[in-house]
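K.L.:
Pasting a structure here, questions to come.
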Amino acid sequence: MTTTATARVTGIQASKRVENVRYAIRDLAVLADEIARQGHKILPLNIGDPLKFDFATPPHMIAAVEKAMRDGKNGYAPSLGLESALEAIRDEAERKGIRNVQSVFITAGVSEGVDLCLTALVDPGDNVLTPAPDYPLYSAVLAKLGAEPNPYFLDESRNWEPDLEDIKVRINARTKAIVLINPNNPTGNIYSRKLLEQVAELARQHNLLIIADEIYDKITLDEEETISIASLAPDVPIVTFGGLSKPYLVPGWRVGWGIASGDAPAIGPFLEGVHKLLRARLCINYPQQFAIKPALEGPQSHLAEMAAKLRKRRDLTMKWATLTPRVTLVKPTGAFYAFPKIDIPEDDLTFVKELLRQKHVLVVNGSGFGQRPGTQHFRIVFLPEEGVLARAYQAITDFMAERYN
Ligand code: PLP
């Protein structure tokens, strides 16, 4: 066989690194597409995109981007981001109580920011403390980098707060950082001041970077305030992530940012690495950055409207969970996710696939996020309108009654 023929037979192989990249949220969508092609209407309780439901982008943000395009802001942007947007983010950092800010940079969503920061931080064999359950981006990026997720448990019996004792025993010589998602995806929980102070102290003692993913900090459903961990520990190296995707209803624009704070000698060397990577990838979308300042400084009324809708949907979700045998649910107070525990005699991936095949309701299996061994969960996105949610919940109840009783 010639060399060309051999290449054709074996194909171009994907790298070993991507073998461990998993993203359950999107992976399940493949099965859903198959079922939709068979003519079934799917009830989508799986993807956290508010724009797929009755939420709309604030018009003044669209106007700002349109104007930027017409004004010829269509070239490359500065690598760290548009200066007026960076200024607005610095002001936002101040409103969040974050001091000792060493750098602010704009990325293609929080997703790119996480990718760049982890790339600048870890070498193969290093590990990063990631929550279990987790938002799967973190373990996917770490897998790509040949680093290890070092999962610490969130404690369902204590309102899904991080299990501090579990974190302590997992820190080792190769641990570089701890990821905190607050408000949390997939549990919808908001962390207490005390917990945040304790995590900051651990990071201080063990020389860890804190990666604070606060993309949902403006989506709160009750009176509970969200506290930025960086506001409690100005000395500790922390990158706080935020963005337009969720609070400002433009996930497709891909605009996020990182606020790096902490004592300069401690965070400086890592930041040099981040800046290098930011320059190497040139910049993110230029026109969309013109929406950052109007978003952060303009009318915020859509946030209250969003919270009012989500509160009703959360309450409906709680009511369903309370009334349904085999289901228990810690009340979500932030973001738009619920992570009910299900007492079933099979694994939760089988549960969600069969639910999809039989009732056409799409949720994501708890095992796709990581969970305590022996427990089963699934994640609900309660963004859809009440009518859709009610139909989906009835279908889940029927499915469970038919399958397990
Ligand atoms: N972080 C968390 C916790 C998320 O839930 C999501 C999206 O669902 C992201 C980051 C990604 O955000 P972005 O659209 O800014 O990349």
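The values are calculated or read from the model by the stated rules, or taken from the named source; none is laboratory data. Note that the structure is a prediction, hence the values are computed from the model and not measured. Note that we place each Cβ from the backbone using ideal geometry, even for glycine, and neighbour counts take in every protein chain shown.
K.L.:
Would you mention how many residues in the stretch 340-358 are under 11 Å from residue 326 (Cα atoms) and in a loop (DSSP other than H, G, I, E, B)?
P.N.:
Filtering the stretch 340-358 down to residues under 11 Å from residue 326 (Cα atoms) leaves 340-345.
Subsequent filtering for residues that are in a loop (DSSP other than H, G, I, E, B) retains 340, 343-345.
Total meeting the criteria: 4.
K.L.:
Can you pull out the residues in the stretch 39-60 that are more than 27 Å from residue 137 (Cα to Cα) and outside any loop (DSSP other than H, G, I, E, B)?
P.N.:
The answer is 59, 60.
K.L.:
Right, next: Report yes if some residue within the stretch 189-202 is surrounded by fewer than 23 Cβ atoms within 10 Å (Cβ to Cβ), at pLDDT 95 or above, polar (S, T, N, Q) and in contact with a His (Cβ under 9 Å, 6 or more places away or on another chain); otherwise report no.
P.N.:
no
K.L.:
Which one of these does residue 340 not meet: (1) within 16 Å of the ligand (Cβ to nearest atom); (2) within 21 Å of the chain's Cα centre (by Cα)?
P.N.:
The failed condition is (1).
K.L.:
Give the residues of the stretch 358-405 that are basic (Lys, Arg), farther than 17 Å from residue 45 by Cα and at pLDDT 95 or above, sorted by residue number. Steps first, answer last, please.
P.N.:
Keep residues of the stretch 358-405 that are basic (Lys, Arg), which gives 359, 372, 379, 391, 403.
Checking the rest, the ones that are also farther than 17 Å from residue 45 by Cα come to 372, 403.
Listed by number, the list holds a single entry, 403.
K.L.:
Also, I was wondering about something else. How many residues does the stretch 34-72 contain that are more than 21 Å from residue 389 (Cα to Cα) and either buried (at least 16 other Cβ atoms within 10 Å of the Cβ) or of a type outside the set (Lys, Arg) (or both)?
P.N.:
Taking the stretch 34-72 first, the residues more than 21 Å from residue 389 (Cα to Cα) are 34, 37-38, 57-72.
After this cut, where a residue has to be either buried (at least 16 other Cβ atoms within 10 Å of the Cβ) or of a type outside the set (Lys, Arg) (or both) as well, the list is 34, 38, 57-66, 68-69, 71-72.
Count: 16.
K.L.:
Every residue in the stretch 239-249 that is more than 20 Å from residue 121 (Cβ to Cβ) and within 9 Å of the ligand (Cβ to nearest atom), please.
P.N.:
Correct list: 244, 245, 246.
K.L.:
Can you tell me which condition residue 291 does not meet? The list is (1) within 16 Å of the ligand (Cβ to nearest atom); (2) over 21 Å from the mean Cα position of the chain (by Cα); (3) outside any helix (DSSP H, G or I), and all the others hold.
P.N.:
All conditions are met except number (3).
K.L.:
Of (1) away from the ligand (no atom under 16 Å from the Cβ); (2) in contact with a helix residue (DSSP H, G or I) (Cβ under 7 Å, 6 or more places away or on another chain); (3) in a helix (DSSP H, G or I), residue 267 satisfies all except one. Which?
P.N.:
Unmet for residue 267, out of (1) away from the ligand (no atom under 16 Å from the Cβ); (2) in contact with a helix residue (DSSP H, G or I) (Cβ under 7 Å, 6 or more places away or on another chain); (3) in a helix (DSSP H, G or I): (2).
K.L.:
A further question follows. Among the candidates 79, 84, which residue alone is surrounded by fewer than 19 Cβ atoms within 10 Å (Cβ to Cβ), more than 16 Å from the ligand (Cβ to nearest atom) and not in a loop (DSSP other than H, G, I, E, B)? Full working, then the answer.
P.N.:
Numbers: 79 fails: not in a loop (DSSP other than H, G, I, E, B).
The match here is 84.
K.L.:
Sticking with this structure for a sec: Give me a count of the residues in the stretch 202-238 that are within 13 Å of the ligand (Cβ to nearest atom) and part of a strand (DSSP E or B).
P.N.:
So the count comes out to 3.
K.L.:
Let me ask something else about it. Out of the residues in the stretch 133-147 that are of a type in the set (Gly, Ala, Ser) and away from the ligand (no atom under 14 Å from the Cβ), state the one that is surrounded by the fewest Cβ atoms within 10 Å (Cβ to Cβ).
P.N.:
It comes out as 146.
K.L.:
While we're looking at this one, here's another question. I'd like to verify a number: residues in the stretch 97-129 that are touching a residue at least 60 places away in the same chain (Cβ under 8 Å), touching a helix residue (DSSP H, G or I) at 6+ places or on another chain (Cβ under 7 Å), more than 9 Å from the ligand (Cβ to nearest atom) and not in a helix (DSSP H, G or I), how many?
P.N.:
Residues meeting the conditions: 10.
K.L.:
Quick one: which of 273, 256, 252 is in contact (Cβ under 8 Å) with a residue 12 or more places away in the chain, within 14 Å of the ligand (Cβ to nearest atom), small (Gly, Ala, Ser) and surrounded by fewer than 16 Cβ atoms within 10 Å (Cβ to Cβ)?
P.N.:
Being in contact (Cβ under 8 Å) with a residue 12 or more places away in the chain, within 14 Å of the ligand (Cβ to nearest atom), small (Gly, Ala, Ser) and surrounded by fewer than 16 Cβ atoms within 10 Å (Cβ to Cβ) holds for just one of 273, 256, 252, which is 252.
K.L.:
Now a separate question. Taking the stretch 61-76, which residues are more than 26 Å from the chain's Cα centre (by Cα) and part of a helix (DSSP H, G or I)?
P.N.:
Looking only at the stretch 61-76, we keep the residues that are more than 26 Å from the chain's Cα centre (by Cα), and these are 63-64, 66-76.
Listed by number, the residues that qualify are 63, 64, 66, 67, 68, 69, 70.
K.L.:
Specify the residue that is nearest to residue 59 (Cα to Cα); the eligible residues are those in the stretch 231-254 that are in contact with a Leu (Cβ under 8 Å, 6 or more places away or on another chain) and β-branched (Val, Ile, Thr).
P.N.:
250
K.L.:
Quick one: is residue 175 within 12 Å of the ligand (Cβ to nearest atom) and either surrounded by fewer than 19 Cβ atoms within 10 Å (Cβ to Cβ) or at pLDDT 95 or above (or both)?
P.N.:
For residue 175, the condition - within 12 Å of the ligand (Cβ to nearest atom) and either surrounded by fewer than 19 Cβ atoms within 10 Å (Cβ to Cβ) or at pLDDT 95 or above (or both) - is not met.
K.L.:
In addition: Inspect the stretch 155-170 for any residue being surrounded by 20 or more Cβ atoms within 10 Å (Cβ to Cβ), of a type in the set (A, V, I, L, M), farther than 18 Å from residue 120 by Cβ and under 17 Å from the mean Cα position of the chain (by Cα) and give the result as yes or no.
P.N.:
No, the stretch 155-170 contains no residue that is surrounded by 20 or more Cβ atoms within 10 Å (Cβ to Cβ), of a type in the set (A, V, I, L, M), farther than 18 Å from residue 120 by Cβ and under 17 Å from the mean Cα position of the chain (by Cα).
K.L.:
When you scan the stretch 87-96, how many residues do you find that are away from the ligand (no atom under 16 Å from the Cβ), in contact (Cβ under 8 Å) with a residue 12 or more places away in the chain and either more than 13 Å from residue 244 (Cβ to Cβ) or among the acidic types (Asp, Glu) (or both)?
P.N.:
The number of residues fulfilling the criteria is 5.
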